[in-house]
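The values are calculated or read from the model by the stated rules, or taken from the named source; none is laboratory data. All values reported here derive from a predicted model rather than from experimental measurement. Cβ atoms come from the backbone with ideal geometry, glycine included; neighbour counts cover every protein chain shown. Only protein heavy atoms, including side chains, enter the accessible area calculation; ligands, DNA and RNA are left aside. Shrake-Rupley method; radii C 1.70, N 1.55, O 1.52, S 1.80 Å.
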Amino acid sequence: VTVYLIFQFLFLLLPAIVCIRLALPPASGFIIMCEQIRMIMKIHSFVRMISFSKHHFMDDKKKADADEAKDEHPFEHYVYFLFCPTLLYRSSYPRTPRIRWSKVVHHLLETGSCTFYTYVVFDRYCVPEYRKTGQEPYSFQTFVLSIFSSMLPATLVFLLGFFGILHSWLNAFAEITQFADREFYRDWWNAKSFSEYYRKWNGVVYDWLHAYAYMDVVRYCAQKWKLDQAKSRIIGSLFVIWLSAIAHEYIIACAVGFFYPILLLQFAGPGLIFIYLTQSFKEHRFSNLFMWTMLLLGNGLLMILYSREFYARVAVGAMNSNNTLSSFFIPHSLEFVFN
């Protein structure tokens, strides 16, 4: 266990140091950090199912799944597991009879088109808007107007990322690996509460969080702390939300080269409040409209605040590999706000 924890810690630390010290472009850093998190989650699933199958707070069903994962060819199945679009390790998966290469090309073209259009959105709507951030101050009125002008491009990037990654990219790899279980997401756009949205938005990550974070914390609280089911579930939900928030902020911070915890605060603040708030009126006919309104506003805030911080750092020469640790954490855009 100690060796495994040291390995995971180093695997978590070293790519982040490389991204920050080399001052990689945000797109390159984002790809590296997402791939790093994906590998950490896959490694944890594999080690957990192979080595920890008799853990004392695993229930009978999970022990049965772990016993099923124990097979005579773990390395062969692990190599396949690294490439198939799932984060839950099993010794076997539903398979399609053949690879349809026309489908592979189709989905890869979709991914390429989404990537190109995302570049167009940033180049057309974001760069001109925020390039002068570090050169001139702006008022509160300008800040509010910028939020609304950022909502549309930010939501376009949000939808392009969803379609390009969760639909096209994952379906391309599912076809290449003949992976038959392709429910990577559900109809999150029809969600009437934020808890429903989080469950349906990214099925691949949700399944991992539910299996190895939420359920483990619930069992641990019930068996070790002797808490009832309701309290255990609340603690499990809070743990998953905070884990997800920290992971998302970690990816963005290492990708852009600075720590500016807007997404962390959105997840752990309004995001957490909305989960419980929208549960109370999820049957209301305007519940879905409220969810989309908050998504639009949240995406706009994320784009404007991260973009302004990035270009404020560019203006003062803070986006290079010679920065100190303090520069990584100290915001620069606040120097030009509300002057």
- Could you tell me whether any residue of the stretch 263-274 is of a type in the set (Phe, Trp, Tyr), under 21 Å from Ala154 (Cα atoms) and open to solvent by 20 Å² or more (accessible area, probe 1.4 Å)? yes
- Message: Show me the helices (runs of 4 or more DSSP H) found entirely inside the stretch 95-211 where at least 2 residues are over 16 Å from the mean Cα position of the chain (by Cα) and under 26 Å from Tyr80 (Cα atoms).
- Response: 101-121, 170-176
- Task: From (1) over 22 Å from the mean Cα position of the chain (by Cα); (2) among the aliphatic types (A, V, I, L, M); (3) under 22 Å from Leu88 (Cβ atoms), pick out the condition that doesn't hold for Ala230.
- Result: (3)
- Qualifying position, being over 16 Å from the mean Cα position of the chain (by Cα) and closer than 28 Å to Ile330 by Cα, among Gly257, Gly236, Gly271: Gly257
- Query: Across the stretch 248-262, what is the total count of residues that are in contact with an Asp or Glu (Cβ under 9 Å, 6 or more places away or on another chain) and touching a residue at least 40 places away in the same chain (Cβ under 8 Å)?
  - Reply: 5
- Task: Could you grab the pairs with beta carbons closer than 8 Å, sequence gap of 6+ or different chains, first residue in the stretch 195-215 and under 14 Å from Ala245 (Cα atoms), second one aliphatic (A, V, I, L, M)?
- Result: Tyr198/Ile275; Val205/Met41; Val205/Leu87; Leu209/Val240; Leu209/Leu243; Ala213/Val240; Ala213/Leu243
- Message: Here's a check for you: in the stretch 79-123, which residue that is modelled with pLDDT under 90 and closer than 17 Å to Phe179 by Cβ is least open to solvent (accessible area, probe 1.4 Å)?
- Response: Ser91
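Every residue, every condition in (1) of a type in the set (Ser, Thr, Tyr); (2) farther than 20 Å from Gly161 by Cβ, yes or no:
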site: Lys224; (1), (2): no, yes
site: Gly236; (1), (2): no, yes
site: Ile241; (1), (2): no, yes
site: Tyr250; (1), (2): yes, no
site: Ala253; (1), (2): no, no
site: Pro261; (1), (2): no, yes
site: Ser287; (1), (2): yes, yes
site: Asn299; (1), (2): no, no
site: Leu305; (1), (2): no, no
- Could you tell me whether any residue of the stretch 228-243 is surrounded by fewer than 16 Cβ atoms within 10 Å (Cβ to Cβ), free of Cβ contacts under 8 Å to residues at least 60 places away in the same chain and outside any helix (DSSP H, G or I)? yes
- Note on the structure: Residue pairs within 9 Å by beta carbon, gap of at least six or interchain, first lying in the stretch 148-159 and over 9 Å from Leu296 (Cβ atoms), second crowded, with 20+ Cβ neighbours inside 10 Å and among the β-branched types (Val, Ile, Thr), listed first then second, are Ser149/Ile304; Ser150/Ile304
- Message: Filter the stretch 274-299 down to the residues that are at pLDDT below 90 and either of a type in the set (Val, Ile, Thr) or within 27 Å of Gln141 (Cα to Cα) (or both) and list them by number.
- Response: Phe274, Ile275, Thr278
- If you take the residues in the stretch 216-227 that are surrounded by fewer than 20 Cβ atoms within 10 Å (Cβ to Cβ) and in a helix (DSSP H, G or I), which one is nearest to the chain's Cα centre (by Cα)? Asp216
- Filter result for Ala211 (farther than 17 Å from Arg38 by Cβ and not polar (S, T, N, Q)): no
